[in-house]
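One structure is given here, and the rest of the page talks about it.
Values in this text are rule-based calculations from the coordinates and carry no lab data. Fair warning: this is a prediction, and the values are worked out from it, not measured in the lab. Glycine gets a Cβ as well: all are built from the backbone with ideal geometry, and neighbour counts include every protein chain shown.
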There are 2 protein chains.
Amino acid sequence: MRRKPGTLLPLETTILETALDLRGCGEEEFHGFAIAKEIAAHSEARTLTAHGTLYKALARMETAGLLASRWEDPAVGAEQGRPRRRLYHITGLGGQALATASTTRSSSQVYDHRGLVAS
Amino acid sequence: MRRKPGTLLPLETTILETALDLRGCGEEEFHGFAIAKEIAAHSEARTLTAHGTLYKALARMETAGLLASRWEDPAVGAEQGRPRRRLYHITGLGGQALATASTTRSSSQVYDHRGLVAS
DNA sequence: CGAGTATAGGCAGATATCTTCCTATAAGTC
DNA sequence: GACTTATAGGAAGATATCTGCCTATACTCG
């Protein structure tokens with residue numbers, strides 16, 4: 001589907017909300033797989049099939065400036081016996097976009113550097 | 001199945017032979033996934049289902065002293081955008097066991113620190 | 001030789017991320 | 001309002017390793 005720039009899609013809203021949920025546990029950063037598990041746990045039935053959709057959404061959101069990421073030190077993952085993670089955090093723009101989408105309960109609101117803009 | 005100590009199972013023989021094949025390309029070390037791909041490519045039909053069988057065989061062979069392993073530097077895998085590998089090499093005992101199994105074309109030969117022993 | 005036991009092998013899935021291919025649909029254009 | 005087009009989402013799989021569960025069977029012992 002074609003996309004109106006500056007819009008938050010439902011999945012993107014879910015990702016941001018879920019990220020805040022996870023962040024509640026103390027850590028500022030989150031990784032894709034944790035989001036996938038959380039989403040799957042809450043809304044049983046959404047598998048995000050093979051997680052491809054989620055990772056594409058995350059990459060998209062980073063490009064859009066809603067998220068920023070860094071690679072975890074590979075040694076950390078190695079010590080814990082798991083693959084390395086890409087650690088995301090929500091940017092100011094991302095927080096703004098979520099706030100807008102949450103208060104209006106509509107996913108077709110528009111955000112930009114000034115905040116909410118007419119849709 | 002119960003196991004007679006000092007015996008090479010068919011899969012173990014295959015692993016050692018495949019490792020030598022791969023080693024022909026220059027590197028002394030090999031990793032499990034490469035073995036799995038090679039085995040799958042040669043004997044089409046053997047998937048080694050989810051590779052569980054293969055990894056268990058590798059661990060077993062290391063315990064038995066036929067193989068030795070080390071973890072690849074996590075940074076190397078990270079740079080190449082893939083999970084880290086466990087790098088194996090064939091020990092003297094492993095080479096001996098393979099030689100024995102290969103020449104006799106039987107997998108029920110027995111090896112130990114002295115080499116071939118009566119089966 | 002029959003009974004019991006340990007273990008090999010198959011199946012499934014967790015841990016993480018990414019890619020490619022295809023389809024469905026929202027947005028823009030006229 | 002119909003047509004075109006870009007893109008989101010789903011399906012599948014590559015890259016690596018490991019664990020647990022269950023079954024089949026080779027081996028051992030009486």
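Here the label points at residue B:73 and residue A:91, each 7 Å from Cα along the C-beta direction, are separated by 3.3 nm in the simple model. Ordering B:14, A:7 by the number of other Cβ atoms within 10 Å of each residue's own Cβ, fewest first, gives A:7, B:14. Shown is the FRET efficiency for residue B:59 and residue A:41, computed with R0 = 30 Å from the Cβ-Cβ distance and rounded to the nearest 0.05: 0.40.
Computed 3J(HN,Hα) for the range B:11-24, one whole-Hz value per residue from the Karplus formula 6.51 cos²θ - 1.76 cosθ + 1.60 where θ = phi - 60°, is 4, 5, 4, 4, 4, 5, 5, 5, 4, 5, 3, 5, 5, x, glycine and proline marked x.
The string of couplings for the range A:56-72 from the Karplus curve (6.51, -1.76, 1.60, θ = phi - 60°) is 5, 5, 4, 4, 4, 5, 5, 4, 6, x, 7, 10, 9, 9, 8, 7, 5 Hz, one whole number per residue in order, with x for Gly and Pro. Label positions at residue A:23 and residue A:1, each projected 7 Å from the Cα along the C-beta direction, are separated by 2.6 nm.
Taking the number of Cβ atoms within 10 Å of each Cβ as an exposure proxy, the fewest-first ranking of B:30, A:33 is A:33, B:30.
Per residue, the Cα convex hull of the range A:13-73 amounts to 89 Å³.
Across identical copies of the chain, residue A:72 has label-point separations of 1.9 nm, listed in ascending order, with the point defined 7 angstrom from Cα along Cα→Cβ.
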